[in-house]
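Below is one structure, written out as structure tokens; the observations come after it.
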Amino acid sequence: MSVQILGMIGHRLSSETIAPVGPVFDKNYIRNFAQAHENAGFDRILVGYWSDQPDGFLVTALAGLSTSRIGLLLAHRPGFVAPTLAARKLATLDQLLDGRLALNVISGGSDTEQRKDGDFLDHDQRYARTDEFLEVVRKTWTAEQPFDHQGEFYQVEQAFSAVKSEQKPHLPVYFSGASDAAIRVAGKHADVYMLWGESLQQTRELVERVRAEAAKHGRHIEFSVSFRPIVAATEDAAWAKAEVILSRARARQEVARPELSLKPESIGAQRLRATVAQGERVDKRLWTGIAGLVGGGHNSTALVGTPEQVADALIDYYDLGIRNILIRGFDPLNDAVDYGRELIPLIRAKAAERDLQNSARRA
């Protein structure tokens, strides 16, 4: 599998350094953001999930209908839509987008966040529900005859979907979650396991754990890692840019005074805080400044340097077997355009070079 470059789009201009601009569902911004990623050479764009933001299915539909080639990755939390209905919605959307859809399953890392939508299960119960949810979804996608299901969380009789996904046997399933409970579910169901940007050692350890779990089920899993690259013409300029980003993020946080959620139930957030504890600069050029500011609550670690240096740092993760690289900036749309000029071509070239080297060693 060649390297896949993923991005992430929002429903309006906003980031840690930029206060929200425009309407909360900004149709023009969504169109422009999706098209900018396609033109920059991204392979797929993630549409996230929040308990108080616009519906991801509709954001994904708009982004997909505004583009023609780029893949879409829709984040979805099990528990709020019945799995049979979710399967039909996803299959229908995949048909609408001509087979460009993938599903990112996120079970939820914050009790407070889940309860906003009426979910009062605890952390491990959520992952148990996700396990069963994906079992029913997969049956709905693939069954040629009506089926029954009797489980702990879901019960259906004579379930069947006349609409199937454009992709066969079904659309890809990306999966997020770093706890033991999450890894058990990932081993059974994930096609691609997604990691936040941690140190190389932390990443290696987690990849090995997930691979071992998948092997118990006779399965192979691909991996994705997410970073916030900060690039400039020189290394010094890139580090200076990082300091400006941190200063702006602090200023915005002081003005907006958002509630800082440390996500105590999220093992992924705990792992990012462990990365922060290693220092502001980790490995060659992993920067934890924003991750420390937001308490590890989301994808917030950066790789800092020239495009060549950042591409080299990403290839270190490629060498761990990670073939999907998600990159997004703190100036979201403009950074996506900038990545397309130098960083993305460099990543592809270096990954292709590494593949040739590995093939020569095996020959």
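The values are calculated or read from the model by the stated rules, or taken from the named source; none is laboratory data. Worth saying up front: this structure is predicted, and the values here are computed from it rather than measured. Cβ atoms come from the backbone with ideal geometry, glycine included; neighbour counts cover every protein chain shown. What goes into the accessible areas is simple: the full protein's heavy atoms, side chains included, and nothing from ligands, DNA or RNA. Shrake-Rupley method; radii C 1.70, N 1.55, O 1.52, S 1.80 Å.
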Exercise. Please give the number of the condition Ala178 fails out of (1) touching a residue at least 12 places away in the same chain (Cβ under 8 Å); (2) more than 30 Å from Ala91 (Cβ to Cβ); (3) open to solvent by 10 Å² or more (accessible area, probe 1.4 Å).
Key: (2)
Exercise. Give the residues of segment 197-223 that are among the hydrophobic types (A, V, I, L, M, F, W, C) and surrounded by fewer than 19 Cβ atoms within 10 Å (Cβ to Cβ), sorted by residue number.
Key: Leu200, Ala212, Ala215
Self-check item: Unmet criterion (only one of (1) surrounded by fewer than 21 Cβ atoms within 10 Å (Cβ to Cβ); (2) under 28 Å from Gln253 (Cα atoms); (3) without any contact (Cβ under 8 Å) to a residue 40 or more places away in the chain; (4) in contact with a helix residue (DSSP H, G or I) (Cβ under 9 Å, 6 or more places away or on another chain)) for Val47
Solution: (1)
Exercise. Could you figure out which of (1) surrounded by fewer than 18 Cβ atoms within 10 Å (Cβ to Cβ); (2) farther than 21 Å from Ile344 by Cβ isn't true of Ala237?
Key: (2)
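Give me the residue from segment 269-313 that is of a type in the set (Lys, Arg) and open to solvent by 40 Å² or more (accessible area, probe 1.4 Å) and, out of that set, modelled with the highest pLDDT.
At the first step, the residues of segment 269-313 found to be of a type in the set (Lys, Arg) are 271, 273, 281, 284-285.
Narrowing the set further to residues that are open to solvent by 40 Å² or more (accessible area, probe 1.4 Å) leaves 273, 281, 284.
Values: Arg273: 90, Arg281: 95, Lys284: 88.
The qualifying residue modelled with the highest pLDDT is Arg281.
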Exercise. Please identify the pairs in which a residue from segment 16-38 that is more than 27 Å from Leu293 (Cα to Cα) has its Cβ atom under 8 Å from the Cβ atom of a residue that is open to solvent by 30 Å² or more (accessible area, probe 1.4 Å) and β-branched (Val, Ile, Thr), counting only partners at least 6 apart or on another chain.
Key: Ala36/Val337
Self-check item: Set Thr130, Thr67: member being open to solvent by less than 40 Å² (accessible area, probe 1.4 Å), polar (S, T, N, Q) and in contact with an Asp or Glu (Cβ under 6 Å, 6 or more places away or on another chain)
Solution: Thr67
Quiz item: Does Val136 qualify as being outside any strand (DSSP E or B) and hydrophobic (A, V, I, L, M, F, W, C)?
Solution: yes
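Any idea how many residues of segment 76-89 are touching a residue at least 24 places away in the same chain (Cβ under 8 Å) and either hydroxyl-bearing (Ser, Thr, Tyr) or surrounded by fewer than 19 Cβ atoms within 10 Å (Cβ to Cβ) (or both)?
Kept after step one, since they are touching a residue at least 24 places away in the same chain (Cβ under 8 Å), are these residues of segment 76-89: 76-80, 82-84, 86-89.
In the following step, the residues that additionally are either hydroxyl-bearing (Ser, Thr, Tyr) or surrounded by fewer than 19 Cβ atoms within 10 Å (Cβ to Cβ) (or both) were identified as 80, 82, 84, 89.
Total meeting the criteria: 4.
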Self-check item: segment 308-333 residues that are more than 11 Å from Arg228 (Cβ to Cβ), paired with ones that are among the hydroxyl-bearing types (Ser, Thr, Tyr) and open to solvent by 20 Å² or more (accessible area, probe 1.4 Å) (beta carbon under 8 Å, 6 or more apart)
Solution: Arg323/Ser2; Leu333/Tyr29
Quiz item: Looking at (1) open to solvent by 30 Å² or more (accessible area, probe 1.4 Å); (2) polar (S, T, N, Q); (3) assigned to a loop (DSSP other than H, G, I, E, B), which is the only condition Thr112 fails?
Solution: (3)
Quiz item: Would you pick out the residues in segment 314-332 that are open to solvent by 20 Å² or more (accessible area, probe 1.4 Å) and more than 15 Å from Ala36 (Cα to Cα)?
Solution: Asp316, Asp319, Leu320, Arg323
Practice problem: Identify, by number, the condition in (1) modelled with pLDDT of 95 or more; (2) under 30 Å from Val255 (Cβ atoms); (3) in contact with a helix residue (DSSP H, G or I) (Cβ under 9 Å, 6 or more places away or on another chain); (4) crowded, with 17+ Cβ neighbours inside 10 Å that Gly56 doesn't meet. | Solution: (3)
Quiz item: Which pairs have Cβ atoms under 7 Å, sit 6 or more apart or on different chains, and link a residue in segment 240-255 that is part of a helix (DSSP H, G or I) to one that is surrounded by fewer than 16 Cβ atoms within 10 Å (Cβ to Cβ)?
Solution: Arg252/Ala19
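Is it fair to say Gln201 is at pLDDT 95 or above, over 19 Å from the mean Cα position of the chain (by Cα), polar (S, T, N, Q) and not in a loop (DSSP other than H, G, I, E, B)?
On the way: at pLDDT 95 or above: yes; over 19 Å from the mean Cα position of the chain (by Cα): yes; polar (S, T, N, Q): yes; not in a loop (DSSP other than H, G, I, E, B): yes.
In short, yes.
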